[in-house]
1. Which percent, to the nearest 5, of DSSP beta bridges fully inside the chain are antiparallel?
2. Apply the Debye scattering formula to segment 267-332, with a single equal point scatterer on each alpha-carbon and no solvent, then give log10 I(q)/I(0) at q = 0.11, 0.13 Å⁻¹.
3. Please state, as a whole number in µm²/s, the translational diffusion coefficient that the Stokes-Einstein equation yields for the chain at 20 °C and 1.002 mPa s, with Rh defined as the Kirkwood radius across alpha carbon pairs.
4. What number results when the radius of gyration of segment 197-255, computed over Cα atoms, is divided by 2.2 N^0.38 Å?
5. From largest to smallest, what semi-axes in whole angstrom does segment 150-262 give when each is the square root of 5 times an eigenvalue of its alpha carbon gyration tensor?
6. Restricting things to alpha carbons, find the Rg to Rh ratio for segment 1-117 using the Kirkwood radius for Rh.
7. What fraction, in whole percent, of alpha-carbon pairs in segment 340-391 exceed 16 Å separation?
8. Roughly how big is segment 54-140's charge dipole about its Cα centre, with Cβ charges of +1 (Lys, Arg) and -1 (Asp, Glu), in debye to the nearest 20?
Amino acid sequence: MRKPHAILVPYPAQGHVIPMMELMQRLVKHGVKVTFVNTNFTHKLVTDAFSEDEKLNDLASLVSLPDGLETGEDRNDFGKLPDAIFRVMPEKLEEMIKELNAKGDDFEKVTCIVADICMGWVFEVAKKMKIRKAAFWPAAAISLASLFCIPKLLEDGIIDNKGTPMKKQMVQLSPTMPAISSLEFTWLGIGDLKTQEILFNLMVKASEFVTLADFTICNSTYELEKGTFTSYPEILPVGPLLASNRVANQIGHFWKEDSTCLAWLDQQPARSVIYVAFGSFTLFDRTQFDELAHGLEMTNMPFLWVVRSDMVKDTQNDGFDDRVKSRGRIVGWAPQQKVLKHPSVGCFVSHCGWNSVLEGVSCGLPFMCWPYFSDQFANRMYISDVWKTGLVFDKDESGIVSREEIKNKIEQLLGNDEFKVRAIDLKEKVAVAVSKGGHSDKNFSNFIDWIQEKDT
Ligand code: UDP
């Protein structure tokens, strides 16, 4: 038997790199050598943000390739980055693998590739080089299923060939799955029609590439998405892949964590703190940002709020910081998994990015949902309609979530223990899935067997 050496390729965005890094940590624990391929840009962010006490296992190495964009170009622009990647990375990846294989040492030879489905072109490289390949989906299975359904949605006239819904309607992708709104498909909800079309085409391509993979794993849990996994048994849930489940530190951050907020949390009463975080991508305009600030102030409760340096332009300081300084804490980037686990945290105001959802669920927290784009709407649907562990902020007629709405809904959420009871129940179910012999644990063992080329 050859010694296993896996190449891991995430999509270069924070919510994709973190779970792929966690996958790397699991693989090296099982004796698999891993070469983790970031883009040069994300590699620098990750290595700069690495904390001093973090040491990678000797089996793990972090390498990087160019993403095809120039220094200073906007890497959050879907109109640019995926195309640039597709132009330069396949050839570079192939060269890199050839170099590794040429090293002579048997342990260097690449035995398989695990790639994010958003980097589906990797499967073509693997096919060309006759390397075994597995697909990794870092989000909910329902959003992957929605990609698989694109041909049917087109055929049924639910969307046009740019992904635009023909009308607003509830759509059930299969009889076992919950209905989602046609206005909330994974490729919708951001930017103008052009951006939407680009995102749609990217997803069409991804759903075609994934058919090349020998194995498809998903960072989700059967118990969270029974209906979807029943209809799509080829998607194997192995999650949640969270560092907190291994009692380890989460790695792969693009920003340095401000851990001082943990000591601040220690001083707050149990379940009293509103944790507010919108992941790595969400932007706010000034008006909405100010409403949120006032809404948090009006709750009269302690809050910990993550405001990334790039999240809002030109905030106005109207004395907010002074008024809330005895009970409010603002950080640029939090050690989120540790924060959510902290007994002082009572609820999670979230954009419903899938990693944040898994992290909040695993800590038994009720959610206030504020989705921003893409799969976050389907994730919101799970929280509010299926699991019933949270509420949704509604926008007023001018498209704003008002300060009153923020205050009232948070009070409603925290004033009703049923949300917490259901959240704890869900947490326990998910914990069983990742414990020895649980659904996700078994799938993960099969995946390791596949990597080690044992019969599965
Ligand atoms: N995160 C963090 N600190 C923060 C905010 C977010 O560590 O202050 C982490 C969070 O734990 C999660 C990831 O960043 O693992 C964000 O992923 P998610 O899918 O929730 O959202 P995205 O950034 O993709 O929109």
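1. Bridges in the chain are about 5 percent antiparallel.
2. With one equal scatterer per Cα and no solvent, log10 I(q)/I(0) is -0.25, -0.35.
3. Stokes-Einstein gives a translational diffusion coefficient of 94 µm²/s.
4. Computed over Cα atoms of segment 197-255, the ratio equals 1.44.
5. The answer is 31, 20, 15 Å, longest axis first.
6. Rg divided by Rh gives 0.97.
7. Tail of P(r) above 16 Å: 28 percent of Cα pairs.
8. Around 460 debye, computed over segment 54-140.
FYI, it's all coordinate maths here, none of it is from the lab. This structure is a prediction, so every number in the text was calculated from the model and none was measured. Neighbour counts are summed over all protein chains in view; Cβ atoms, including those assigned to glycine, are modelled from backbone coordinates with ideal geometry.
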